[in-house]
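Each remark here refers to the structure printed beneath this line.
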Amino acid sequence: MSKKITFIIKRCDNPQAVAYWEEFKVPYFPKMNVVAALMEIQKNPVNAKGEATTPVAWECNCLEEVCGACTMIINGTARQACSALVDNLAQPIRLAPLTKFPLVRDLVVDRQVMFSNLRKVKAWIDIDGTYDMGPGPKISQNVQEAAYELSKCMTCGCCMEACPNVNSKSKFIGPAAIAQVDLVNSHPTGAFRKEARLEALMGEGGIADCGNAQNCAKACPKEIPLTRSIAKLNRETSAYALKKLFGK
Amino acid sequence: MTTKVIVVGGGLAGLMSAIKIAESGHKVDLFSLVPCKRSHSVCAQGGINAAVNTKGEGDSTWEHFDDTIYGGDFLANQPPVKNMIEAAPSIIYLMDRMGVTFNRTTEGFIDVRRLGGAKYSRTVFAGATTGQQLIYALDEQVRRYEDAGLVRRYEEWEFLSIVQDDEGRCRGIVVQDLKNLEVQVFPADAVIMATGGLGMIFGRSTNSTINTGSAAAGLYQQGAIYANGEFIQVHPSAIPGRDKLRLMSESIRGEGGRVWVYKDGKPWYFLEEWYPAYGNMVPRDIATRAIFKVCVDMKLGVDGENKVYLDISHLDPKEINRKLAGVVDIYEKFVGDDPRKVPMQTFPAVHYSMGGLWVDYDQMTNIPGLFAAGECEYQYHGANRLGGNSLVAAIYAGMVAGPKAIAYAEGLSKRSEDLPPSLFEAAKTREEKQNAAIFKMEGKENPYKLHQELGEWMLENVTVVRYNDRLKATDEKIQELIERYHNIGVGNGAPWGNQIVPFTRRLWPMLHLARVITLGALHRNESRGAHYKPDFPERDDENWLKTTKAGFTPDGPSFSYEPVDTAYIKPRQRRYDVAKEVTMANV
Ligand SMILES: Cc1cc2nc3c(=O)[nH]c(=O)nc-3n(C[C@H](O)[C@H](O)[C@H](O)COP(=O)(O)OP(=O)(O)OC[C@H]3O[C@@H](n4cnc5c(N)ncnc54)[C@H](O)[C@@H]3O)c2cc1C
């Protein structure tokens, strides 16, 4: 008989419903990842007891770990399902939705708050317009390389999930948005509106809510130096607050 | 009177359209299946082309234009391509001003590299995640306009159809909220479609899973003309996988990667031998066919399988990290080997659709008020797209479509708000009925399996090498699938968070578009760019220097053909074993 992989999946029909665990057995194939297994369940929605069930709902898109969509909790850790290879996972494999965001259904959650946070911190450069004005400022290779590290953030939510200060009782915007402030503020033109972004970080749910647990950088699938950005912006917001108080 | 434009799609083309409209002070509603930042454009690895000539090689926009037309085997209408190529450098500079983290030269200028079909280094890049960086920059600019109250985003909403008035003008769209599948109608004075590619019609491809082509296909069923559907690009290098064929970017060859297999016990660099002038940098259709020949005909694939080596193990690991980290990471993550040490093993995969909604030079489809931009339209790549040209085409088309949509809307004698509400109500009811009908489907067929079957047939018969008997058989198979579609069962899940019902909905237009692709290929008895028939191995300009236009009828697609506008460069034979001839701009 061919090998089967056991998946135990946390299911829930809607935010008001009671969650339950359902077991599935999926025939193994080499290089199988969690997404491919979920696709097999779609094609054959029958649970381990042999009962017909509804296909599991989950999100995915690029399948190469650049879009962030398929983030879920796999054996207790938040990560992307596409790059989670079955060969590297302890079995049975447990899948659950992220817990720091409102549940939609099964493994699908609503991460809109992360996009709203980007708006709160004004993570853009205020260009004059899209008409032709020639190139932007020259940038050294070192500066580009540091910025590139930060610009790979795919708003997946792993850092939010790992952060103890992101929870239903707090308004903390979380590590991802803070790192994006670092990114834009470190750009020569972005820096022109540095203060507006520092102000945003000093407001409610801002950088002061970081408890320095340092889980975020470890949780980031793109190895973004989140704690470094947070430390840097901590210093900058403090300096800016002092300047505002005494400066003028 | 305010002008209201709707943009469907939040990839590069859609975001740029939205920015252009908002920048001119008009309101935009922006719809996307996924949060815009997760659109398929994030996948682009290699880079974006523009003749910025920062390496002193003497590149020019004329050279870029000629490469594009030649690379596309002369099927593209030349005027819009020329305009795009001329705008390309300024597009790079604009993206630079938006803060895209492009790689830099020692002096701090924007760095460039070479991609296939080009003799010059003209591909600007941000590591190996250029598309991701471009889309993030545009997404933030859109957020800025959202903050200013000009853009409203509807993310995780799905476009279903357009609303047309008695004159046939597009007057708005019907959509569903993917959370609860509730249908709503949004009036607008103009609509821009920027819904991307259709890789999923081939089952597995290098595309994202939302790239079903169903939005464009549904419009075709509503009367929009679909052009050059048979031109499907198969990329030479991807890692085969059950869930996806993961692209290994052309930039790997651009940075010095070599393709080989063992022959008589020794590495054989067949591209370098067959195409001495371009070597590993031949365009995609050429490289893909060569790999097919080596694996399928000569049976020289790695371990007897359909795979060749793509080798960078001779390159400096530091340079690899600086310029190719993103791609190399994907290979390491999904295969487990380190390409810095062990040659990669890859095989061709469906990658890009040159065909798409027919548009005029203002990006408007044959339906007045309905515009299209990006991979979902057909205008910029002819019979084969050059690497790095699609990102620039998507952004450029957005820059054209936005202002043209506004101009069109402002010229209307009646705005959509002046039309009777019943027009919109009727469209909404139509789609609600459609959803209700799908919910009631309780047959034995599984839609995901049906989709898999479609993909297998398309992949096997309508990609690299095409034979008329097999194309015919494939069309018959698709018609069988269309029959069997009615016997789908969707289970008894509630609407909330339901994924099988919207998937089933998408599958219907996909099947019809699959026919357009297959029959378009059947009729075109020649070989041109990505379309290759061994029984008709030559390009036949006399009969086929023509754009294919497919229109929907209940009995299947009806085809007509339109001459190609070759205003600037006379078609000449396309070959890559010798250097391309020099052409001159007609002054
Ligand atoms: C792996 C890979 C690598 C690539 N690398 C390069 C490269 O290096 N250089 C290059 O030039 N090109 C590259 N390409 C091609 C290029 O990425 C795409 O052609 C381009 O990004 C398409 O942009 P777009 O805006 O047209 O569509 P997309 O980015 O695909 O966006 C489509 C949008 O439409 C929305 N949408 C679709 N249907 C609906 C619907 N029914 N309702 C609502 N919204 C809908 C989606 O949500 C999405 O927001 C690559 C392609 C792939 C697959």
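Ignoring aspartates and glutamates fewer than eight residues from B:Lys266 along the same chain, the ones with Cα atoms less than 15 angstrom from its Cα are B:Asp303, B:Asp311.
Quick one: ranking A:Leu63, A:Leu103 by accessible area, 1.4 Å probe, largest first, what do you get? Please list the in-between numbers first.
On the way: A:Leu63 5, A:Leu103 45 Å².
Largest accessible area first, the residues go A:Leu103, A:Leu63.
Remark: the range B:307-316, residue by residue, has Karplus-estimated 3J(HN,Hα) of 8, 10, 7, 10, 10, 10, 5, 8, 8, 5 Hz, where x stands for each Gly or Pro and the curve is 6.51 cos²θ - 1.76 cosθ + 1.60 at θ = phi - 60°. Per-residue mean of foreign Cβ neighbours for B:178-191 is 1 (Cβ atoms of other chains, 10 Å radius).
Three principal axis extents describe the C-alpha atoms of the range B:291-440; from largest down they are 67, 43, 31 Å.
Using only atoms on other chains, find how many Cβ atoms lie within 10 Å of each Cβ of peptide B:231-243 and report the average.
3
Report, as an integer, the average count of C-beta atoms from other chains found within 10 Å of each Cβ along A:125-134. Provide the component values of the computation, followed by the final result.
Details: counts 8, 3, 9, 1, 5, 14, 3, 6, 4, 6.
What the average comes to for A:125-134 is 6.
At 25 °C and a viscosity of 0.890 mPa s, what translational diffusion coefficient does Stokes-Einstein give for the protein assembly as shown, taking Rh as the Kirkwood radius over Cα pairs? Give it in µm²/s as a whole number. My calculation gives 90 µm²/s for D.
Of all complete DSSP H helices in chain B, those with a Cα span along the helix axis of 18 Å or greater and a mean Kyte-Doolittle hydropathy of 0.5 or more are B:389-410, B:500-523.
Hydrodynamic estimate: the Kirkwood radius of the range A:4-109 over Cα pairs, inserted into Stokes-Einstein at 20 °C and 1.002 mPa s, corresponds to D of 156 µm²/s. Longer than 29 Å from Cα to Cα, which of B:Lys179/B:Lys477; B:Lys27/B:Lys179; A:Lys232/B:Lys37; A:Lys218/B:Lys341 are they? Say none if no pair is. The pairs that break the limit, which is 29 Å between Cα atoms, are B:Lys179/B:Lys477. Using the 1.4 Å probe convention, the accessible area of the range A:114-248 works out to 47 Å² per residue with neighbouring protein chains retained.
Name the residue from A:Cys82, A:Ala147, A:Asn117 whose Cα lies farthest towards the positive end of the charge dipole of the range A:49-148, charges +1 on Cβ of Lys and Arg and -1 on Cβ of Asp and Glu. It is A:Asn117, whose Cα lies furthest towards the positive end. Rounded to the nearest 20, the Cβ-based charge dipole of chain B about its Cα centre (Lys and Arg +1, Asp and Glu -1) stands at 740 debye.
Before rounding to the nearest 500, sum -39500 (n - 2.57) across all DSSP H runs of length at least 4 in the protein assembly as shown and divide by the residue total; then give [θ] at 222 nm in deg cm²/dmol. Walk me through the intermediate numbers first.
Details: 23 runs with 285 residues, N = 835.
Here the helix-only value at 222 nm equals -10500 deg cm²/dmol.
Size descriptors for the range B:98-187: radius of gyration and Dmax over Cα atoms are 20.2, 61 Å. At a 1.4 Å probe, what is the % contribution of carbon and sulfur to the accessible area of the range A:112-246? Exposed carbon and sulfur together represent 54 percent of the surface. In the range B:246-266, comparing the full protein assembly with the chain on its own, no residue loses 50 Å² or more of accessible surface at a 1.4 Å probe.
Site pair A:Tyr131 and A:Asn212 shows an inter-label distance of 5.0 nm when each label is modelled 7 Å from Cα along Cα→Cβ. Toward the positive end of the charge dipole of the protein assembly as shown, about the Cα centre and with charges on Cβ (Lys, Arg +1; Asp, Glu -1), which of A:Val35, B:Asn77, B:Gly455 goes farthest? So the residue furthest toward the plus end is A:Val35. Taking all protein chains together and rolling a 1.4 Å probe, B:Glu319 ends up with roughly 80 Å² accessible.
To the nearest Å, what is the center-to-center distance of the range A:27-76 and the range B:327-350, using C-alpha atoms only? Spelled out, the Cα-based centre of one part sits 23 Å from the other. Placing unit charges on each Cβ (+1 for Lys and Arg, -1 for Asp and Glu) gives the protein assembly as shown a dipole about its Cα centre, and among B:Val8, B:Pro420, B:Phe552 the Cα reaching farthest toward its positive end belongs to B:Val8.
For B:Leu198, the residues whose amide H sits under 5 Å from its own are B:Ser353, ignoring neighbours fewer than 5 places away on the same chain, with H placed 1.01 Å from N. Of the trypsin sites (Lys or Arg not before Pro) found in the range A:1-88, those in coil by DSSP whose Cβ has at most 16 other Cβ atoms within 10 Å are A:Lys3, A:Lys31, A:Lys49.
Given Cβ point charges of +1 (Lys, Arg) and -1 (Asp, Glu) and nothing else, what value in debye, to the nearest 20, does the dipole of the range B:234-349 about its Cα centre take?
Details: 18 positive and 17 negative charges, 29 e Å.
Charge dipole of the range B:234-349: 140 debye, to the nearest 20.
For chain B, dividing the convex hull volume of the Cα atoms by the residue count gives 152 Å³ per residue.
What part of the accessible area of the range A:4-109, given as a whole %, is carbon or sulfur when the probe is 1.4 angstrom? About 51 percent, which is the carbon plus sulfur part of the accessible surface.
With a probe of 1.4 Å, find how much accessible area chain B has per residue, and write the answer as a whole number in Å². Present the calculation step by step, with values, prior to reporting the outcome.
Working: 19550 Å² over 587 residues.
On a per-residue basis, 33 Å².
If you sort B:Glu146, B:Glu442, A:Glu51 by accessible surface, 1.4 Å probe, largest first, the order is B:Glu442, A:Glu51, B:Glu146.
Diffusion coefficient (Stokes-Einstein, Kirkwood radius over C-alpha pairs, 25 °C, 0.890 mPa s) for the range B:234-349: 174 µm²/s, rounded to a whole number. If R0 equals 51 Å, the separation of the Cβ atoms of B:Glu425 and A:Lys171 corresponds to a calculated FRET efficiency of about 0.80.
Enclosing the Cα atoms of the range A:112-246 in their convex hull gives a volume equal to 122 cubic angstrom per residue.
Given charges of +1 on the Cβ of Lys and Arg and -1 on the Cβ of Asp and Glu, with all other atoms neutral, how large is the dipole of the protein assembly as shown about its Cα centre, in debye to the nearest 20?
Working: 99 positive and 98 negative charges, 403 e Å.
The calculated dipole for the protein assembly as shown is roughly 1940 debye.
Does the range B:159-202 come out rounded, prolate or oblate by the C-alpha gyration tensor, with a ≥ b ≥ c the root eigenvalues, rounded set by a/c under 1.5 and, if not, prolate when a/b is larger than b/c and oblate if not? Oblate is the answer for the range B:159-202, as a/c is 1.5 or above yet b/c matches or exceeds a/b. Here the accessible area is traced with a 1.4 Å probe on the protein chains. For the range B:234-349, carbon and sulfur cover 49 percent of it.
What total accessible surface area, summed over both chains, is buried at the interface between chains B and A, computed with a 1.4 Å probe and given in Å² to the nearest 100?
On the way: alone 22580 and 13910 Å², together 30430 Å².
Buried surface at the B/A interface: approximately 6100 Å².
Taking R0 as 45 Å, what FRET efficiency do you get between B:Glu272 and B:Lys449 from their Cβ-Cβ distance, rounded to the nearest 0.05? For B:Glu272 and B:Lys449, the calculated efficiency is 0.55.
Can you compute the FRET efficiency between A:Thr99 and B:Ala437 using 1/(1 + (r/R0)^6), with r the Cβ-Cβ distance and R0 = 45 Å? Round to the nearest 0.05.
Calculated transfer efficiency: 0.75.
What helices does chain A hold that run 20 Å or longer along their axis, going by alpha-carbon atoms, with a Kyte-Doolittle average of 1.0 or more, using DSSP H for the helix calls? The answer is none, since no helix passes both cut-offs.
As a rough guide to protection, the peptides B:385-395, B:340-350, B:6-16, B:255-265 ranked by mean Cβ packing within 10 Å, highest first, stand as B:6-16, B:385-395, B:340-350, B:255-265.
The values are calculated or read from the model by the stated rules, or taken from the named source; none is laboratory data. Computed from a predicted structure; not experimentally measured. Don't worry about glycine lacking a Cβ; one is built from the backbone with ideal geometry, like all the others, and counts go over all protein chains shown. Surface areas here come from the heavy atoms of the whole protein model, side chains and all, with no ligands, DNA or RNA. Shrake-Rupley method; radii C 1.70, N 1.55, O 1.52, S 1.80 Å.
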